[in-house]
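The values are calculated or read from the model by the stated rules, or taken from the named source; none is laboratory data. Computed from a prediction, not measured in an experiment: that's the story for all the values here. Please note: Cβ atoms are built from the backbone with ideal geometry, for glycine as well, and neighbour counts cover all protein chains shown. With ligands, DNA and RNA removed, areas are computed over all heavy atoms of the protein, side chains included. Shrake-Rupley method; radii C 1.70, N 1.55, O 1.52, S 1.80 Å.
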Amino acid sequence: MKGSAIRLQGLRKEFGGTTAVAGVDLEIADGEFFSMLGPSGSGKTTVLRMIAGFESPSSGTIELAGQEVTGLAPFERDVHTVFQDYALFPHMTVEQNVAYGLKIRKVSKAERLKQARKALADVRLEGFGKRRPSQLSGGQRQRVALARALVCRPRLLLLDEPLGALDLKLREQMQVELKALQREVGITFVFVTHDQEEALTMSDRIAVFNQGRIEQVGTPAEIYERPATSFVASFVGTSNLLDGDAAERVVGKPGTFSIRPEKIRVLKESALADVPEHATAVGTVAEVVYLGDATRFLVDLDDGGRLTALQQNLETSSEDVAAFRGNRVRLQWHRDHAVQVPDAS
Amino acid sequence: MTATQPAAGRTPVRRLAGLLHRHRRLRLSLLLTAPLLWLAVLYLGSLAVLFVSAFWTTNSFTSEVVRVWSTDNFHALLTTPVFRQVILRSIGVALAVTVLCALIAFPLAFFTARVARPRWRPLLVVAILTPLWASYLVKVYAWRLILSQDGLADWMLKPFGLGGPGFGLPATIMTLTYLWLPYMILPIHTALEQLPANLLDASADLGAKPGRTFRAVVLPMVLPAVAAGSVFTFSLSLGDYITVQIVGGKTQLIGNLVYSNIELNLPMAAALGTVPVVVIVLYLLAMRRTGALSSL
Ligand SMILES: Nc1ncnc2c1ncn2[C@@H]1O[C@H](COP(=O)(O)OP(=O)(O)O)[C@@H](O)[C@H]1O
Ligand SMILES: [Mg+2]
């Protein structure tokens with residue numbers, strides 16, 4: 001059993017009239033790669049800033065490693081932050097930036113330099129120490145910010161959309177590196193992102209935020225396969241929601257159901273449902289979208305409602321795809337994959 | 001609107017506009033000729049005349065200018081104790097005013113830029129600038145009243161068993177500090193206002209207490225602005241000779257020597273006049289190394 005790195009209880013934050021964080025309870029274990037996922041404005045940054053100590057909560061408590069720190073200043077917490085726009089000191093060289101935390105800890109000059117160089121090498125920036133932040137590219141600055149935060153070996157690293165400003169290729173590369181680095185140093189990472197794919201690929205666990213609240217906490221598979229709310233279902237991945245009469249006719253019970261597009265098979269209308277645990281529905285293909293590796297079918301069901309199905313392009317090619325439009329098809333999925341979610345209120 | 005009609009393309013104004021648009025040099029020269037001429041002829045020209053005449057001498061009986069080259073004036077500047085004293089005193093006054101301005105301006109600017117509510121900030125900036133709208137002479141005479149015998153300064157300090165500074169060197173420094181303070185506050189205010197808040201957060205995040213953050217982050221980032229402000233306070237103080245006449249008592253600064261030499265010994269006045277020019281050029285060169293001039 002690992003200890004807890006962070007425990008948030010009843011955390012709230014109001015700015016004037018607006019409620020940024022509306023009651024968050026959360027426990028993060030030591031050594032976890034934990035992501036906070038949610039649309040912009042959902043309160044992720046505010047929660048992170050309260051953990052770091054830049055904002056004080058309107059109510060609620062924050063514990064770090066079992067110790068209550070709610071009233072402590074940032075410099076009294078064993079936490080470092082990688083800021084969204086890096087916040088590198090422009091008047092210092094890269095090396096001085098990285099060594100700043102060590103200097104404050106009164107590490108000797110020689111030792112400081114050694115550790116800063118090592119930290120820069122760890123993020124593959126050896127030889128850049130004498131440059132100014134303004135002479136680096138976005139990806140390089142991001143890595144300096146990372147080195148600066150990691151060099152002091154905090155118990156906990158907070159990262160606020162650190163990859164947001166990078167282009168796609170670099171972002172994917174940094175995702176892999178970041179994950180490898182976290183495994184290597186064994187520090188707890190709290191990673192804020194609005195990119196569901198990023199959260200799903202990197203995290204041990206994810207908290208999905210919406211309007212200052214946590215909608216669901218779970219492993220990527222749990223979040224994706226078993227969304228607890230319709231918000232989670234629609235925010236994480238593409239989702240089909242069936243509700244009302246359509247749900248009752250197709251699934252067989254009342255409620256709101258989420259089915260992931262890739263779980264749905266597209267068959268000929270005449271194909272018969274063979275296995276009892278399979279559910280089927282017939283409909284007309286309203287739209288076909290060729291995606292290169294896959295094809296997306298939008299099917300209007302005879303029972304009402306519309307489902308999206310995703311098929312790998314094993315045999316189909318772009319020429320065949322258009323011919324599907326207007327066709328009658330049967331959709332089939334495993335009953336377990338129609339996940340009931342609480343009704344959107 | 002006629003301008004939107006196609007026929008408008010052929011009017012003379014339009015054709016001229018097109019011509020200017022296509023010929024960048026023509027456009028620039030039309031734009032810059034007048035100001036450049038003014039700068040070159042009037043400003044640099046008079047500086048050149050000043051510099052050249054500093055090498056002439058006067059007939060000591062008639063005070064007539066004798067146009068014979070000699071470096072006697074500069075020799076006299078460097079060797080005559082009175083001249084040397086006045087030059088050093090003037091530089092000292094300019095430096096003292098600059099340091100005082102910086103010390104007073106920093107907390108004020110910190111308040112207007114980072115402590116006061118954002119809504120109030122523009123108003124506070126206007127308040128800082130209002131003294132600049134009043135006449136220079138009015139302000140200096142106001143200080144004369146404050147510092148005069150049994151004036152406001154004496155009256156306020158009396159309960160403490162003290163007296164005001166009276167007229168003299170301290171009064172001159174005080175008055176000049178008051179006069180040029182806005183020129184120091186404004187650049188510091190701007191620099192502090194533009195200081196990204198997350199740099200302060202980052203510093204605290206890495207373990208720095210507020211004092212440390214101030215020394216390691218705020219101060220170095222605002223220093224170019226202080227240097228920029230000091231260019232104003234230093235050069236304005238060095239060139240001033242009216243304030244010292246009004247509140248300086250018997251104190252003499254370079255300006256006074258220039259003024260008193262104009263009638264009797266014009267070349268000497270010219271030589272004295274080149275001193276602040278040279279000092280300010282040296283000061284600017286020193287300040288350029290801090291990056292201050294790019295933030296002016
Ligand atoms: N300093 C602040 N002053 C006023 N409102 C704020 C402040 N910081 C955040 N908010 C508001 O709080 C809400 C949550 O913001 P934030 O935590 O930045 O969301 P996220 O990081 O998920 O995008 C937003 O509506 C935002 O406008
Ligand atoms: Mg944010």
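Can you give the helix-only mean residue ellipticity at 222 nm for chain A, where every DSSP H stretch with n ≥ 4 adds -39500 (n - 2.57) and the sum goes over all residues, rounded to the nearest 500 deg cm²/dmol? Walk me through the numbers before you get to the answer.
Numbers: 10 runs with 97 residues, N = 345.
After summing the helix terms and dividing by residue count, I get -8000 deg cm²/dmol.
At most 10 other Cβ atoms within 10 Å and a DSSP loop assignment: could you name the chymotrypsin sites (Phe, Trp or Tyr not before Pro) in the stretch B:32-95 that fit? Numbers along the way, then the final one.
Details: sites: B:TRP38, B:TYR43, B:PHE51, B:PHE55, B:TRP56, B:PHE61, B:TRP69, B:PHE74, B:PHE83; in loops: B:PHE55, B:TRP56, B:PHE61, B:TRP69.
Passing sites in the stretch B:32-95 are B:PHE61, B:TRP69.
Among B:162-169, B:23-30, how do they line up from the highest to the lowest mean number of other beta-carbon atoms within 10 Å?
Packing proxy ranking, top to bottom: B:162-169, B:23-30.
Pop out the ³J(HN,Hα) list for the stretch B:131-136 in order, Karplus 6.51 cos²θ - 1.76 cosθ + 1.60 with θ = phi - 60°, rounded to Hz; leave Gly and Pro as x.
Calculated HN-Hα couplings, in order: x, 5, 7, 7, 5, 3 Hz.
Around B:LEU176, what is the net charge, scoring Lys/Arg as +1 and Asp/Glu as -1 over all other residues with Cβ under 14 Å from its Cβ?
Values: positive: B:ARG89, B:LYS139, B:ARG144; negative: B:ASP240.
Net charge in that neighbourhood comes out at +2.
So what J values fall out for the stretch A:90-102 if you push phi through Karplus, 6.51 cos²θ - 1.76 cosθ + 1.60 with θ = phi - 60°, rounded to Hz, Gly and Pro as x?
Computed from phi, the couplings for the stretch A:90-102 are x, 8, 10, 6, 4, 4, 5, 4, 5, 7, 3, x, 5 Hz.
From the backbone phi of the stretch A:152-166, what are the Karplus-calculated ³J(HN,Hα) couplings (6.51 cos²θ - 1.76 cosθ + 1.60, θ = phi - 60°) in whole Hz, Gly and Pro given as x?
Result, rounded to whole Hz: 8, 6, x, 6, 9, 10, 9, 10, 9, 6, x, 9, x, 8, 9.
When the dipole is taken about the Cα centre of the protein assembly as shown, and only Lys, Arg (+1) and Asp, Glu (-1) are charged at their Cβ, what size is it in debye, to the nearest 20? Spell out each step's value before the answer.
On the way: 66 positive and 54 negative charges, 594 e Å.
I would put it at about 2860 debye.
What's the FRET efficiency of A:ALA323 with A:HIS278 using the Cβ-Cβ distance as r and R₀ = 25 Å, to the nearest 0.05?
On the way: r = 26 Å, r/R0 = 1.04.
Working from the Cβ atoms, E equals 0.45.
Looking at the stretch A:80-113, which residues lose a minimum of 50 Å² of accessible area between their chain alone and all protein chains in place, measuring with a 1.4 Å probe and not counting ligands or nucleic acids?
A:PHE89, A:HIS91, A:TYR100, A:ILE104
How much length is gained if the chain between B:LEU282 and B:PHE111 is pulled fully straight, taking 0.36 nm per residue apart and subtracting their Cα-Cα distance, in nm to one decimal?
On the way: separation 171, 0.36 × 171 = 61.56 nm, distance 3.26 nm.
Extending this stretch completely gives an extra 58.3 nm.
Once you mark the trypsin sites (Lys or Arg not before Pro) that are in a DSSP loop and have at most 13 other Cβ atoms within 10 Å, what is the longest gap between them in chain A? Don't jump to the answer; show the numbers that get you there.
Values: sites that count: A:LYS2, A:ARG105, A:LYS106, A:ARG124, A:LYS130, A:ARG325.
That gives A:131-324 as the longest site-free run.
Accessible area per residue, 1.4 Å probe, Å², for the stretch A:4-235: what's the number?
Values: 9700 Å² over 232 residues.
That works out to 42 Å² for each residue.
With Cβ to Cβ distances under 11 Å as the rule, what net charge do the other residues near B:ASN256 carry (K, R +1; D, E -1)?
Values: positive: B:ARG89, B:LYS250; negative: B:ASP240.
Spelling it out: positives minus negatives among the neighbours equals +1.
Which of the aspartates and glutamates could be linked to A:LYS109 by a straight reach, that is with a Cα gap under 14 Å, when you skip same-chain ones fewer than 8 residues away?
Filter leaves A:GLU95.
Give me the accessible area of B:SER60, 1.4 Å probe, in Å² rounded to the nearest 10.
100 Å²
Counting only protein heavy atoms, what percent of the accessible surface of the protein assembly as shown is carbon or sulfur at a 1.4 Å probe?
59 percent
Could you list the GluC sites (Glu not before Pro) in the stretch A:74-151 that lie in coil according to DSSP, counting only those with at most 14 other Cβ atoms within 10 Å of their Cβ? Mind dumping the intermediate values first?
Values: sites: A:GLU76, A:GLU95, A:GLU111, A:GLU126; in loops: A:GLU126.
Sites meeting the loop and neighbour criteria: A:GLU126.
Once ligands and nucleic acids are excluded and a 1.4 Å probe is used, how much of B:ILE262 is accessible, expressed in Å² to the nearest 10?
It works out to around 80 Å².
So which of A:LYS169/A:LYS268; B:LYS158/B:LYS250; A:LYS44/A:LYS253; A:LYS103/A:LYS179; A:LYS13/A:LYS114; A:LYS114/A:LYS179 end up more than 31 Å apart, counting from Cα to Cα? Don't skip to the end; give the middle numbers.
Numbers: A:LYS169/A:LYS268 39 Å; B:LYS158/B:LYS250 25 Å; A:LYS44/A:LYS253 36 Å; A:LYS103/A:LYS179 28 Å; A:LYS13/A:LYS114 41 Å; A:LYS114/A:LYS179 25 Å.
Table pairs above 31 Å Cα-Cα are A:LYS169/A:LYS268; A:LYS44/A:LYS253; A:LYS13/A:LYS114.
Within the stretch B:164-199, whose backbone N sits under 15 Å from a point 7 Å along Cα→Cβ of B:LEU129?
B:182-191
Skipping prolines and chain starts, which residues have an amide H placed within reach, meaning under 5 Å, of the one on A:PHE33, given they are 5 or more residues away or on another chain?
Under 5 Å from the amide H of A:PHE33 lie the amide H atoms of A:PHE189, A:ASP204, A:ARG205, each far enough along the sequence or on another chain.
What's the angle, to the nearest 10 degrees (0 to 90), between helix A:109-122's Cα axis and the longest principal axis of chain A?
Once rounded, one gets 20 degrees.
From the alpha carbon gyration tensor of the stretch A:5-88, can you work out the equivalent ellipsoid semi-axes (sqrt of 5 times each eigenvalue) and give them in Å, largest to smallest?
Numbers: eigenvalues 65, 51, 39 Å².
Equivalent ellipsoid semi-axes, largest first: 18, 16, 14 Å.
With +1 on the Cβ of every Lys and Arg and -1 on the Cβ of every Asp and Glu, and nothing else charged, how large is the dipole of the stretch B:153-234 about its Cα centre, in debye rounded to the nearest 20? It would help to have the intermediate numbers written out before the result.
Numbers: 4 positive and 4 negative charges, 44 e Å.
Dipole size: approximately 200 debye.
How big is D for chain A, in µm² s⁻¹ as a whole number, if Stokes-Einstein is applied with the Kirkwood radius of its Cα pairs at 20 °C and 1.002 mPa s? Walk me through the numbers before you get to the answer.
Details: Rh = 22.6 Å.
Once the numbers are plugged in, D ends up at 95 µm²/s.
For the pair B:VAL13 and B:LEU152, how long in nm is the line joining their label points, each one 7 Å along Cα→Cβ?
Result: 5.3 nm between the two label points.
Only loop residues by DSSP count here, and only those with at most 15 other Cβ atoms within 10 Å; note down the GluC sites (Glu not before Pro) in the stretch A:245-280 that meet that. Show your work: numbers first, answer last.
Details: sites: A:GLU248, A:GLU262, A:GLU269, A:GLU277; in loops: A:GLU269, A:GLU277.
Hits after loop and neighbour filter: A:GLU269, A:GLU277.
Need the per-residue list for the stretch B:221-235: every residue with at least 10 Å² less accessible surface in the complex of protein chains than in the chain by itself, probe 1.4 Å, sorted by number.
Residues losing area: B:MET221.
Accessible area per residue for the stretch A:241-341 in Å², computed with a 1.4 Å probe and the full protein assembly in place, what is it?
Working: 5310 Å² over 101 residues.
Counting only protein heavy atoms, the per-residue value for the stretch A:241-341 is 53 Å².
Modelled label-to-label distance, B:THR290 and A:SER270, 7 Å Cα→beta-carbon offset: nm?
Result for the modelled spin labels: 8.9 nm.
Need one number: buried accessible surface between chains A and B, 1.4 Å probe, both sides summed, DNA, RNA and ligands left out, in Å² to 100.
Values: alone 16770 and 18540 Å², together 33620 Å².
By this definition, chains A and B bury close to 1700 Å².
Mind checking the mean number of beta-carbon atoms from other chains within 10 Å of the Cβ atoms in B:206-218? Please report the intermediate quantities before stating the final value.
Details: counts 17, 14, 6, 4, 2, 0, 4, 2, 0, 0, 7, 5, 0.
Across the residues of B:206-218, the mean count of other-chain Cβ atoms within 10 Å is 5.
Rolling a 1.4 Å sphere over the protein heavy atoms, what is the accessible area per residue of the stretch B:16-124, to the nearest Å²?
Details: 7860 Å² over 109 residues.
With the other protein chains kept in place, the stretch B:16-124 gives 72 Å² per residue.
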